[in-house]
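This report refers to the structure that appears directly beneath it.
Coordinate-derived values only; no laboratory data. The structure displayed is predicted, hence computed values, not measured ones. Here the Cβ positions follow ideal geometry from the backbone for every residue, glycine too, while neighbour counts run over all protein chains shown.
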Amino acid sequence: MRIDGSPGAGEFIAGYFRSDRLIAVAAHGRAEKLVALATALEQGETIAPGDFASA
């Protein structure tokens, strides 16, 4: 799992990975990034852990 932001501060996005591939996202306070990543997942794009924060 990778987390960008701070859950304690109330603004974050978390990426869940399997075999170095993003399989799910969860967020609070970052709806725009959540929608972008969810769309990428639906379209079959591959997002690696190293690309998660910049995606």
List pairs: first residue in the stretch 43-54 and of a type in the set (Ser, Thr, Tyr), second residue surrounded by 10 or more Cβ atoms within 10 Å (Cβ to Cβ) anywhere in the structure, Cβ distance under 8 angstrom, at least six positions apart or on different chains.
46/21; 46/22
Of the residues that sit in the stretch 1-21 and are hydrophobic (A, V, I, L, M, F, W, C) and surrounded by fewer than 11 Cβ atoms within 10 Å (Cβ to Cβ), which one is nearest to residue 52 (Cα to Cα)?
1
Consider residue 24 carefully, then state whether it is assigned to a helix (DSSP H, G or I), surrounded by 13 or more Cβ atoms within 10 Å (Cβ to Cβ) and within 11 Å of the chain's Cα centre (by Cα).
no
